[in-house]
Amino acid sequence: MTVLTPAAPAPERPLWLPARFSLPLGVSPDDGFDWVGNPDSFPSHGYWLLRLVDKVWKLPDGSPIQLDVWQRWLIIAALEVYPEGHPRAGELRYRQVLVSVSRQNGKSVLGAIFGLYGLVREAGALVIGIASSAEQARIIYARLLAVIRGNKRLAAKFKRLTDTRGIQSVDGGRYEIKPSKSAAVQGLDLTVGLADELHITKRELWSDMVNGTAARRNGIVIGLTTAGDENSELLIDLYELAEDAPERFGYFIWEAPEARVPEDDETLGRYLIAASPGLACGRLDLETAISDVRGMPEADVIRYRLNRFTASTNAFITATLWASRKRKADEFPAGRPIFTIDRTPDWGFAAIVATIKHGDTTSAELVASIAKPSLSQLVNVCVDLARHQPLTFAMDWYALKDLGNELKKRGLPVWGASQGDVMNGSALLYAKLATGDLEHDGSELLNLQAPRTVRKNVGDGFRISRKDSSIEIDGIMALALGVLAAETQTDDTLQVF
């Protein structure tokens, strides 16, 4: 009698696989997923690199690093080599690699591992790290430096280990950080180029790095990023290149199915998992991730957590959210307030907002709205408000430095905000509105300005934008800085009894 053995079920698609990615040579979309994790599926430098990482890579507490399964797979996939019998046998398949994944998934660890790969692969290697700022590029550099210093056998292969001026191996290999300028990498003979945050990297810089690898048989440029906006020209180019799927361009893109934030947690969870392999692998907690994004601006959730492109400018808050935070009590809370002053660029209007923090809640109230104010008029109003013994008078120092100096002459406390404070205040204002930790008086001016205020992306953050808003927003600008001041300025006045 013949016994028929049922066919084994086809392996399911792992949740941690990217939404879109380059298939290994010889693998068809119709082949299923049994090749994933199978070391015989395709050759790669990633296998020996991972063996090295497992031996030398220690965490700050001395324990060995535990890479996620998706990180191990990505290292193998990105460093695929041509198989035996191919004219380029043993050579890296990819000359350019794009890795796009949501925040908090360990991109800097991957970058450091690829940096180690470049340094140890061959004598005389040159590894260059770039990012939007030297500080950002130094994150990957510092991770690798700490690993080398923490392993005696590995450190013995290097003769120069500096915090900022390069890593140099005994056999002449170098790892250097370069400014985010095209001229900084032109003419360099690169082994590995590492670019962090491609959504704010210039096209020319990437092109110069790719050109710099031309003389190397195994030269490679690897970019790590989150999604961008319509101004992210390089990243848009690379996404379009991924659509064409050229053989020597590797792309690994984790992203949600849509660029929207679902209202129900179940769908949101699925979207977050699609964009975050760390969640799919279980290293990150899904419940915490859902809770976190519910307090974030929608545009930031879409861009940084769902890893989808957004517009560079978006509405700051909705009229519904703003209206829901109207203060229920009739009276402004007792205590020493902070008075924040803001003016329009043409001195057409000025607004003064009072803020005070009580417990976790910040209360805000419009104190004054002045048409065509003069400097002396603003000084007089502030002097009059001083009878309330405010903690400080806060203002954008760039716009109202003269006012601040006049108040200082009169012995009044002054806090001058920087452009960085404007960004921090913008983010804090939204977070407090989203979580219900801010209440306002529902004044007509703020009710008018709030839903018409526009936010603009700035690097990896955002700020409230006067230029892009449809009306003047002096009241909301004062509110944002006032909320920040209430959070950071404390009552350190000596009490005398």
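The values are calculated or read from the model by the stated rules, or taken from the named source; none is laboratory data. A quick note: this is a predicted structure, and the numbers were derived from the prediction, not measured. Glycine also receives a Cβ, built like all others from the backbone with ideal geometry; neighbour counts cover every protein chain displayed.
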(1) in contact (Cβ under 8 Å) with a residue 12 or more places away in the chain; (2) closer than 19 Å to ALA368 by Cα all hold for ALA431 apart from (2)
Residues that are crowded, with 20+ Cβ neighbours inside 10 Å: find the strands (runs of 3 or more DSSP E) completely inside region 304-380 holding 2 or more of those. 338-343, 349-358, 361-371
Tell me, yes or no, whether region 87-98 has at least one residue that is among the hydrophobic types (A, V, I, L, M, F, W, C), surrounded by fewer than 22 Cβ atoms within 10 Å (Cβ to Cβ) and closer than 21 Å to GLU197 by Cβ. no
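Name the single residue, out of those in region 451-463 being surrounded by 24 or more Cβ atoms within 10 Å (Cβ to Cβ) and not in a loop (DSSP other than H, G, I, E, B), that is modelled with the lowest pLDDT.
Applying the filter and picking the extreme gives ASN457.
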Conditions: (1) at pLDDT 95 or above; (2) farther than 23 Å from LEU279 by Cα. LEU17 meets all but one. Number of the miss? (2)
Of all residues making up region 433-472, the number that are among the basic types (Lys, Arg) and within 13 Å of ALA351 (Cβ to Cβ): 1
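Name the one entry in VAL185, VAL147, VAL192 that is buried (at least 20 other Cβ atoms within 10 Å of the Cβ) and modelled with pLDDT under 90. If you could, list the steps in order and put the result at the bottom.
Working: VAL147 fails: modelled with pLDDT under 90; VAL192 fails: modelled with pLDDT under 90.
It is VAL185.
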Restricting the search to region 271-301, which residues are surrounded by fewer than 15 Cβ atoms within 10 Å (Cβ to Cβ) and either free of Cβ contacts under 8 Å to residues at least 40 places away in the same chain or not in a helix (DSSP H, G or I) (or both)? GLY282, ASP285, GLU287, THR288, SER291, ASP292
Counting residues that are touching a residue at least 40 places away in the same chain (Cβ under 8 Å) and closer than 26 Å to LYS55 by Cα, which helices (runs of 4 or more DSSP H) fully inside region 137-242 reach at least 2? 152-155
Can you spot a residue in region 119-132 that is out of contact with any Asp or Glu (no Cβ under 9 Å at 6 or more places or on another chain) and among the small types (Gly, Ala, Ser)? no
Within region 106-136, residues in a loop (DSSP other than H, G, I, E, B), surrounded by fewer than 24 Cβ atoms within 10 Å (Cβ to Cβ) and in contact with a helix residue (DSSP H, G or I) (Cβ under 8 Å, 6 or more places away or on another chain) come out as GLY106, ALA125, SER132
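Keeping to region 39-78, report how many residues are loosely packed, with under 13 Cβ neighbours inside 10 Å and over 19 Å from PRO277 (Cβ atoms).
10
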